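Student: I have a structure I would like to understand better, so I am pasting it below and will then ask my questions one at a time.
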Amino acid sequence: MGDVVRILVADDHPLTRDGIKAALALDAEFEVVGEASDGQEAVHLAEEVKPDVVLMDVRMPVLGGIRATQAISRTVPSARVVMLTVEETQARVGEAIQAGAAGYLLKDIDAHELARAVHLAAEGSAVIHPNLTRQFIEEIRQLTRGEQSVSTLSAREVEVLQMIAYGSTNREVAEALHISPQTVKTYLERIFTKLGVSDRTRAVAVALKHGIVE
């Protein structure tokens, strides 16, 4: 992925799509490469344009957002799907995560929060609306049982993991610790190896489970 984050917007309401695009247009690092009005169209477009991030409404005609996310996760695994919805239920969060979603946001977020979420998703982080964080953690904890102890982490690796868990981007971690973004990436790779996980989402879940972060 280059400096520009390529985004596909999927929502069946034209006014909602226009609002999302207007919010994304405020960030020069974003490029909307397609928009879909139903789930099936979202799947086809994702296969065609290969976006970095897909913003997907949960309730979509023809093919629901959850099923569309499953299909995109299977056919375009590099795309990070973030669900956008008005639904605040644990069941929906669980379905979305199991379908391969990288995040679950409520539509009451503002443009700044949306931009931050897209950047985090593009970097590989989980992005969950604050109201849903506790529910998400419980879902992820069920998936992370039996993982390795955090005792093998160095002090600096713990520091990086803590910042990631609190929502910092790679760039923000680099600036705070006075290191390069590439060094942050190297630390994350070491953390993943030591914890026996494959991504930031599960690393954060382990950190929560073992009390590294509250």
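The values are calculated or read from the model by the stated rules, or taken from the named source; none is laboratory data. In this text the structure is predicted, and so the values were computed from the model without any measurement. Don't worry about glycine lacking a Cβ; one is built from the backbone with ideal geometry, like all the others, and counts go over all protein chains shown.
Student: Would you please name the residue that is farthest from the chain's Cα centre (by Cα), looking only at residues in the stretch 51-80 that are closer than 15 Å to residue 114 by Cβ and without any contact (Cβ under 8 Å) to a residue 60 or more places away in the chain?
Tutor: 57
Student: Here's something else I'd like to know. What are the residues in the stretch 174-199 that are under 26 Å from residue 100 (Cα atoms) and of a type in the set (A, V, I, L, M), if any?
Tutor: Listed by number, the residues that qualify are 184, 188, 191, 195, 197.
Student: For the stretch 197-214, which residues satisfy the criterion of being farther than 17 Å from residue 124 by Cβ and in contact (Cβ under 8 Å) with a residue 12 or more places away in the chain?
Tutor: Looking only at the stretch 197-214, we keep the residues that are farther than 17 Å from residue 124 by Cβ, and these are 208-214.
Listed by number, the residues that qualify are 208, 209, 210, 212, 213.
Student: Does any residue of the stretch 63-72 turn out to be of a type in the set (Lys, Arg), assigned by TED's automatic domain parsing to the domain that holds residue 120, touching a Gly at 6+ places or on another chain (Cβ under 8 Å) and crowded, with 21+ Cβ neighbours inside 10 Å? Lay out the reasoning, then the answer.
Tutor: Going residue by residue through the stretch 63-72, those that are of a type in the set (Lys, Arg) are 67.
From the residues that got through so far, the ones that are assigned by TED's automatic domain parsing to the domain that holds residue 120 too are 67.
From the residues that got through so far, the ones that are touching a Gly at 6+ places or on another chain (Cβ under 8 Å) too are 67.
Filter once more, so that each one left must be crowded, with 21+ Cβ neighbours inside 10 Å: none.
Within the stretch 63-72 (the criterion being of a type in the set (Lys, Arg), assigned by TED's automatic domain parsing to the domain that holds residue 120, touching a Gly at 6+ places or on another chain (Cβ under 8 Å) and crowded, with 21+ Cβ neighbours inside 10 Å), the answer is no, since none of the residues qualifies.
Student: Separate question: With respect to residue 51, determine if the residue is in the same structural domain as residue 113 (by TED's automatic domain parsing) and exposed (fewer than 14 other Cβ atoms within 10 Å of the Cβ).
Tutor: Values: in the same structural domain as residue 113 (by TED's automatic domain parsing): yes; exposed (fewer than 14 other Cβ atoms within 10 Å of the Cβ): no.
In short, no.
Student: Which condition number does residue 199 fail, the rest of (1) within 24 Å of residue 78 (Cβ to Cβ); (2) outside the structural domain of residue 84 (by TED's automatic domain parsing); (3) modelled with pLDDT of 85 or more being met?
Tutor: (3)
Student: Then there is this: Scan 7, 20, 66 and give me the residue that is at pLDDT 95 or above and in a helix (DSSP H, G or I).
Tutor: On the way: 7 fails: in a helix (DSSP H, G or I); 66 fails: at pLDDT 95 or above.
From the options 7, 20, 66, the qualifying one is 20.
Student: For the stretch 23-42, give me each residue that is farther than 18 Å from residue 121 by Cβ and part of a helix (DSSP H, G or I).
Tutor: 39, 40, 41
Student: Return yes when residue 183 is of a type in the set (S, T, N, Q), over 30 Å from residue 19 (Cβ atoms) and modelled with pLDDT under 80 and no when it is not.
Tutor: Working: of a type in the set (S, T, N, Q): yes; over 30 Å from residue 19 (Cβ atoms): yes; modelled with pLDDT under 80: no.
No: the conditions fail for residue 183.
Student: Continuing with the same structure: Every residue in the stretch 38-68 that is closer than 21 Å to residue 109 by Cα and small (Gly, Ala, Ser), please. Even if it seems obvious, please write down each step before you answer.
Tutor: Here is the first cut: in the stretch 38-68, the ones closer than 21 Å to residue 109 by Cα are 52-60, 65-66.
Hit for the stretch 38-68 is 65, nothing else.
Condition check ((1) under 18 Å from residue 18 (Cβ atoms); (2) modelled with pLDDT of 95 or more; (3) assigned by TED's automatic domain parsing to the domain that holds residue 10) across all residues:
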{"site": "39", "(1), (2), (3)": "no, yes, yes"}
{"site": "60", "(1), (2), (3)": "yes, no, yes"}
{"site": "87", "(1), (2), (3)": "no, no, yes"}
{"site": "93", "(1), (2), (3)": "no, no, yes"}
{"site": "110", "(1), (2), (3)": "yes, no, yes"}
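Student: When you scan the stretch 74-84, do you find a residue that is under 21 Å from residue 202 (Cα atoms), surrounded by 23 or more Cβ atoms within 10 Å (Cβ to Cβ) and of a type in the set (S, T, N, Q), even just one?
Tutor: No, the stretch 74-84 contains no residue that is under 21 Å from residue 202 (Cα atoms), surrounded by 23 or more Cβ atoms within 10 Å (Cβ to Cβ) and of a type in the set (S, T, N, Q).
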